[in-house]
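Q: Right, I'll just put the structure down here and ask away after.
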Amino acid sequence: MLTRLNIEQLDNQQRAAVESEAAPLCILAGPGSGKTRVLAHRIARRVEDASADPRHVLALTFTRQAANQLKDRLSRMGIRDLGSVGTFHAIALAQITQYRADAGRRAPVVLGNRRAAITELLGSNSTLRPAQVTAEIDWAKAQRLEPDEYRHGAGRRRIGDRHAKLVADIFTRFNEYKKRRGILDFDDLLEECTRLLLSEASFRNAQRWIFRHLFVDEFQDLNSSQFGLLQAWLGDRKDLCVVGDGDQAIYGWNGADAQYLNDFRIFFPNAEVIKLDSNYRSSPEIVRAANAVIGKTQTGSERESAPTKIFSAGYKNEEDEALGIAHHLRSAREPETSWSRYAVLTRTNGQLLTIARHLEIQKIPYRLRGSNELLKLPQVNNLIDQLATSGASFSTTLSDLLTDFTFGPEAQFLEIAQQYNNEEQYPNGSSFRQWLKTLRSADYHDGSQGVELSTFHAAKGLEWPHVTIAGVEEGLVPLNNDDEEERRLFYVAISRAERQLFLTWAEERTVLGKTKQRNKSPWLSLIQTATAGPFAPSKERVSDYLDKARSVTRIDLDVSCQERLNVLNDWRLKTARHRKIEPSSLIPDNALSAIAKANPSSLEELAITLGQSIARVRKIGPEILSVVNGQT
C-alpha cells in the first residue's frame, strides 16, 4: 500500500493535490507536472485512509491506453480491486448492457459503420457527401443538439444554412432509421446512458451506489455530451476530482469545450482548484519556448538541467527538409542510445510519409504513429469505406472529396489518400485498402526501437529527450489561421521535448500536387526572443546536412536533361488526360525534374531519385524508365 515515503517524494503542489480533503477538486496540471502520478497517488491515498472504497471508484479517461496506464500504476501501488477505469464510451456501453441484461433484454447492437445508412438516406443527387454529413452529425451530437436545434443555428455550425437544412433532415431520418432497427451508434451510447440515469430511478440508484468516487483525466477534452453524462453519474454528490490543462485543449474542432475546466467553479461553486505548474519533463529553455507561443509566463520553479539545444533550419523544399532531418537524427544520436528517444512531429500525416521515405533510405528505423491513430477515427473510417468501394473511379471520388474537407482529420486523411493516388499507376479502391494495411504496419527494421513519427495531435501525452518539429511554416503552423487552438497545438508539440528541440521549415512545399512558396512561421520569432536566440544553425551547417544526406541520392546533370524533361512532361500530360486527373497529381513537378536530371537506368536508381522504396515505384517505374530511355 501507499506509504508516507511516497508522499514525501512529491513536491509541495503535488502533495497538496494528493492530500486535499476538498470535494469537488480541480487539479490544473501543465505539461510535465506529474498529473498521472498525482491522480494515481490521490486515489491510493484515499483508499489508504479509507475515505474511498476502491470497489466504488469510477476513473474516466479518454483512451484505453490511458486507462491501462492508470490501472497499472495503481496496481504497482497495491490498489487492484478497482470499481471501473475506462473511457466514457466503454463505461456507458457496459452500464447499458448490464441494464438490459437485468431486464431480460439483449445487449445493444452498436452500429460500427454509419456510411452505408447515411449514403442511402442522402441519395445520389445531394450536393453534400456522406462523409461530410456524418462528420456534421457527429459534431451536433457532441453538442447535445437535436436536429431542429441544429437546423435553426444552435451551436457553432461549420456549414452554411442551405447545407445545414439538408444535414438536419438526414439527421432526423437517421435517428428514425436507428430507432426502427433498435440499434445505437457510437455517439448514442453517451446519450442513452444519460437518459437511463435521468429517467430510470432503479438504474440511477444502482449506478450511484456502485460508483461513489469519481475521477476524470484530461478534463479539458470533455464535450457537452460527456459533461452531461458526468453530471448524471454524479447527481448532487460532491466526490469528484478532475485533472486537466486548458493550455492543451486541442480538440475544439471535434466538439470539446475547455470551459468545463477553465470555468470549473461556475459549474461546481464550492470546488477547490490547485495548480501544478512545475515542469519536470522539459528543460527551462524548452519551457520558455513553449510558453512564448501561447503568451504565457512561467510561474513554476525552473529545474536544473543538462545543456539544452534549441535550433532550427530552413530548406528549399520538403524533400530537402526530410533529408536534413534524417542526417540531423544521425548526427544528434548519442552513442549507445535507442532510436526510440528521438521523435519527429508534424502538423499533418502527409508530412510524415515524406519523412518516413527518407528515413527508410538512410536506414534509420522508425515507427509511424500519427497515421495509425488517424485511421482509427470513425469519420476517417467512413472516408476509407467510400474510397475503398469506388473501384476504378478512385481518383474521381478522391478529387470530389478533396473539395469537401479543408480542415480536421478528414482533410489530413485525404492528404494520405492523395499520396497513394500519386504513387499508383492505376489507383483503385481495393488496392487502396491493401495499401492502407501496409501503412498501418509501417514499422521499419527494429520498429519498437525506432524514431517515433507522429502528428501533433497523436503526440499528446507523450515525451522524448530529442524532438524535431517539421514544417514550422505558414500553412502548417498555423494550418489555417492564427487561432488560439493552433497555438495550443504547437505548444503541445514543443512541450513533448525534454532537452533538445530542432525546428525546420521549407521555402516551398508540394501539397496535393501543387507547389507553393512558403514563409516560416511567425511564431519562430516568439521562440527566438523568449530563448535569447538566435538558435538557427549557419547556412554552411545546413548545407553540410544536405551534402551528407544526399551522399546516396546525388544526381548529375547532363546536356540532355531538358530533352528528357520535355519527353516526361508529354508523357505525364497524356497519361493524366487518359486517367482524368491533374498532371501534377500523377507526378509532382519537382519529382519530374529530379527524374530528368538523374536519368535513372534501373528501378533502384529511380527509387533513390524519388526518395521512395522500390516496392512503391515498382508499378509505375518501368513505364517511367521506358520514357526516359526513349522506348515509348
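Q: Under the 0.36 nm per residue contour assumption, what length would be gained going from the current alpha-carbon distance of F311 and A22 to full extension?
A: My answer for the length gained is 99.6 nm.
Q: Probe 1.4 Å, all protein chains in place: accessible area of H152 in Å², nearest 10?
A: Rounded to the nearest 10, the figure is 150 Å².
Q: Need the full-extension length gain, S525 to W253, defined as separation in residues times 0.36 nm minus the C-alpha distance. One decimal, nm.
A: Value of the extension gain: 95.2 nm.
Q: In Å², and per residue, what accessible area does region 1-134 have when probed at 1.4 Å with the other protein chains present?
A: Heavy-atom accessible area per residue stands at 46 Å².
Q: In whole percent, what relative contact order does region 187-332 give with Cα contacts below 8 Å and a gap of six or more residues?
A: RCO, region 187-332: 17 percent.
Q: How much length, in nm to one decimal, is gained on full extension between D400 and A206, taken as 0.36 nm per residue of separation minus their Cα-Cα distance?
A: Answer, rounded to one decimal: 64.8 nm.
Q: Let me ask something else. Can you figure out the FRET efficiency of R195 with L462, using R₀ = 51 Å and their beta-carbon distance, to the nearest 0.05?
A: Here the calculated transfer efficiency is 0.90.
Q: If you filter region 1-90 for trypsin sites (Lys or Arg not before Pro), then keep DSSP loop positions with at most 16 other Cβ within 10 Å, what is left?
A: R80
Q: Sticking with this structure for a sec: In nm, to one decimal, how far is the modelled label at E120 from the one at N262, with both set 7 Å along Cα→Cβ?
A: Label at E120, label at N262, 4.3 nm between them.
Q: As a test of reading the structure, rank Y177, Y280, Y315 by solvent-accessible area (1.4 Å probe, protein chains only), most first.
A: Y280, Y177, Y315
Q: Would you kindly give the portion of the calculated P(r) for region 196-255 that falls above 17 Å, as a percent of all Cα pairs?
A: 46
Q: I've got another one for you. Rounded to a whole number, what % of the accessible area of region 48-104 do carbon and sulfur atoms account for, probe 1.4 Å?
A: 45
Q: What Kirkwood hydrodynamic radius, in Å, does region 448-489 give when the mean of 1/r is taken over all pairs of distinct Cα atoms and then inverted?
A: Roughly 11.8 Å, rounded to one decimal.
Q: As a quick test, which of the pairs K35/K141; K516/K574; K316/K597; K316/K514; K141/K165; K316/K516 have an alpha carbon distance above 19 angstrom in this structure?
A: Beyond 19 Å: K35/K141; K516/K574.
Q: Also: Can you tell me the FRET efficiency between N175 and E563 if r is taken as the Cβ-Cβ distance and R0 is 51 Å, rounded to the nearest 0.05?
A: Efficiency, from the Cβ-Cβ distance: 0.20.
Q: In square angstrom, what is the accessible area per residue of region 143-228 with a 1.4 angstrom probe?
A: That works out to 49 Å² for each residue.
Q: Turning to a different aspect of this structure: Within region 189-286, report the trypsin sites (Lys or Arg not before Pro) that DSSP leaves as loop and that have at most 16 other Cβ atoms within 10 Å.
A: Hits after loop and neighbour filter: R212, R237, K238.
Q: Order the following by accessible area, largest value first: E474, E498. Probe radius 1.4 Å; ligands, DNA and RNA are ignored.
A: Sorted descending by solvent-accessible area, the residues read E474, E498.
Q: Ok, one more. Using a 1.4 Å probe over the heavy atoms of the protein chains, calculate the carbon and sulfur portion of the accessible area of region 179-247 as a whole percent.
A: 51
Q: If ligands, DNA and RNA are left out, what is the accessible area of T504 with a 1.4 Å probe, given in Å² to the nearest 10?
A: 0
Q: Let me ask something else. At 25 °C and a viscosity of 0.890 mPa s, what translational diffusion coefficient does Stokes-Einstein give for region 1-140, taking Rh as the Kirkwood radius over Cα pairs? Give it in µm²/s as a whole number.
A: The calculation lands on 133 µm²/s.
Q: Also, I was wondering about something else. Using a basic spin-label model with each label point 7 Å from the Cα along Cα→Cβ, how many nm lie between S626 and Q517?
A: That separation, rounded to one decimal, is 4.1 nm.
Q: Give me the lysines in straight-line cross-link reach of K238: C-alpha distance below 16 Å, same-chain residues under 8 apart excluded.
A: Of all the lysines, none pass the test against K238 - Cα under 16 Å, at least 8 places apart if same chain.
Q: With a point put 7 Å past each Cα toward its Cβ, work out how far I7 is from E149 in nm, to one decimal.
A: 4.4
Q: Along its principal axes, what span do the Cα atoms of region 140-237 show, with the longest given first and each in whole Å?
A: Over region 140-237, Cα extents along the principal axes are 47, 34, 19 Å.
Q: Another question, if that's okay. Starting from the amide H of Y315, placed 1.01 Å from N in the peptide plane, find each other amide H under 5 Å away whose residue is 5 or more places distant or on another chain.
A: Answer set, sorted by chain and number: W505, A506, E507.
Q: 5 Å is the cut-off here: which amide hydrogens, built 1.01 Å from N in the peptide plane, fall below it relative to Y366, excluding neighbours closer than 5 in sequence?
A: Y444, V451
Q: Considering only protein heavy atoms, what is the solvent-accessible area of L93 at a probe of 1.4 Å, reported in Å² to the nearest 10?
A: Counting only protein heavy atoms, the figure is 60 Å².
Q: Estimate the FRET efficiency between S338 and R64 by the formula 1/(1 + (r/R0)^6), using the beta-carbon distance for r and 25 Å for R0, to the nearest 0.05.
A: 0.50
The values are calculated or read from the model by the stated rules, or taken from the named source; none is laboratory data. On a predicted model such as this, the values are computed, not experimentally measured, just so you know. So basically every Cβ, Gly included, is an ideal-geometry build from the backbone, and we count neighbours across all protein chains shown. Calculation scope for accessible area: heavy atoms of the full protein, side chains included, ligands and nucleic acids excluded. Shrake-Rupley method; radii C 1.70, N 1.55, O 1.52, S 1.80 Å.
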